[in-house]
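For reference, the structure discussed in these notes is given below.
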Amino acid sequence: MRNVFMDYAIRVMDVSKKFGKPGEPFWKRLPLLKHVQMPENNGNGHGNGNGHAAAPQEGNGNGKASHDKEIVAVDHVSFDVEKGEIFGVLGPNGGGKSTLIRLMSTLLLPDSGQITVFDIDVVRKPMAVQPLINRVSVEASFFKKLSPLENLLYGARLYGMAGKETRKQVVEILTRLGLEKRSIYNPMEEMSRGMQQKVAIARALLSHPRLLLLDEPTTGLDPRSKREVQAVVRELCQEHGTTILLTTHDMVEAENLCGRVAIMDAGKIVAMDTPQGLKKRVHNENGSETTLEDVFLALTGKQLANKEEEANE
Ligand SMILES: Nc1ncnc2c1ncn2[C@@H]1O[C@H](COP(=O)(O)OP(=O)(O)O)[C@@H](O)[C@H]1O
Ligand SMILES: [Mg+2]
């Protein structure tokens with residue numbers, strides 16, 4: 001039973017975030033341009049697969065202006081994450097996972113609701129929250145011509161770390177994540193995506209965050225790198241007490257790693273429990289053991305499209 005005195009790392013309280021407000025595009029509201037016909041956009045180039053294509057646009061080729069559509073990326077979401085927990089957010093592409101992480105990490109403002117991180121309001125005191133957290137996005141950016149070591153030393157300076165000790169620490173973290181000695185000194189652009197993802201995690205660890213937000217940390221990794229990253233996540237939690245919130249498409253990962261899992265679909269949390277608790281909710285008719293995949297299908301009516309095809313690049 002939870003009570004009000006519980007130690008929370010994150011509290012998300014009835015939070016919503018929409019993109020693409022409805023209404024006329026701004027240029028139609030300018031008096032002089034009221035009757036100007038703008039060239040029609042044929043609408044072919046803006047699928048929303050990349051997560052950023054939902055900005056209002058005029059005309060989409062089927063006679064319906066896409067700016068009429070509002071996307072509710074996060075829809076009245078509430079949950080708590082306890083200190084020291086590994087909490088998973090599982091859901092299909094476009095479910096709202098990354099938006100939720102951006103809201104927690106002070107990169108986006110919610111339309112309504114409240115988020116606190118270690119009891120600090122992320123909207124009112126972003127500067128107090130930022131030193132406590134770190135986020136690794138799916139598409140982490142680097143100086144591609146520089147090596148992992150140089151990228152991390154640069155990161156370390158931004159966190160106010162310097163000196164010989166830092167260099168030692170950087171090499172240690174990179175080695176722990178399974179990077180070979182020689183790749184530590186080679187340009188990032190020569191590394192696989194899996195390796196780059198590990199460097200991104202290593203960089204996030206430099207600031208010793210109390211809360212680590214990992215947005216699909218293992219998407220696109222080969223099975224071995226995946227296991228290495230998962231081992232680091234587990235170790236961080238067990239040995240350093242770091243609270244971790246991670247998003248994933250991978251049911252097995254969620255089951256193995258997370259104390260609790262929230263299933264998110266179309267901006268809403270449709271279920272939240274321990275992996276075992278979730279599985280108990282669904283009975284498998286053919287008698288075989290229920291998997292989180294079955295739970296997801298039963299709750300959303302959808303198959304969890306995953307990105308495994310990228311895994312062996
Ligand atoms: N910056 C943005 N502008 C407009 N729409 C966005 C933006 N970011 C995300 N969206 C939309 O919000 C929805 C949720 O996206 P996202 O949070 O990236 O989902 P997920 O990480 O689960 O794949 C999607 O429909 C996406 O297209
Ligand atoms: Mg995402």
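Here, each number is a calculation from the coordinates, and none is a lab measurement. Please read these numbers as outputs of a predicted model, since none were measured by experiment. Glycine also receives a Cβ, built like all others from the backbone with ideal geometry; neighbour counts cover every protein chain displayed.
Within the stretch 82-189, report the trypsin sites (Lys or Arg not before Pro) that DSSP leaves as loop and that have at most 11 other Cβ atoms within 10 Å.
Answer in residue order: R124, K145.
Let me check I have the definition right: for the stretch 96-138, take the eigenvalues of the Cα gyration tensor, multiply each by 5, take square roots. What are those semi-axes in whole Å, largest first?
So the equivalent ellipsoid measures 15, 14, 8 Å along its semi-axes.
Along the stretch 221-227, what does the Karplus equation 6.51 cos²θ - 1.76 cosθ + 1.60 (θ = phi - 60°) give for ³J(HN,Hα), rounded to whole Hz, x for Gly and Pro?
After applying 6.51 cos²θ - 1.76 cosθ + 1.60, I find 8, 6, x, 5, 4, 4, 5 Hz.
With labels modelled as points extended 7 Å from the Cα through the Cβ direction, what inter-label distance (nm, one decimal) is found for R182 paired with Y154?
Going by the 7 Å Cα→Cβ label model, 2.4 nm.
Could you give the dipole magnitude of the stretch 117-158 about its Cα centre, charging the beta-carbon of Lys and Arg +1 and that of Asp and Glu -1, in debye to the nearest 20?
Computed about the Cα centre, the dipole is about 160 debye.
Holding the Cα-Cα limit at 31 Å, pick out from K69/K226; K168/K226; K125/K268; K125/K302 the pairs that are longer than that.
K69/K226; K125/K302
What is the fewest-to-most order of C237, C258 by other Cβ atoms lying within 10 Å of their Cβ?
Listed from fewest to most nearby Cβ atoms, that is C237, C258.
Using a Förster distance of 45 Å, how high is the FRET efficiency between K144 and D273, based on the Cβ-Cβ distance and rounded to 0.05?
0.65
If each residue's Cβ is checked for other Cβ atoms within 10 Å, how do R203, R11, R224 rank with the fewest at the top?
The fewest-first ordering by Cβ neighbours comes to R224, R11, R203.
What is the Cα coordinate range of the stretch 206-313 on the first, second and third principal axes, sorted by size from largest, in whole angstrom?
47, 32, 28
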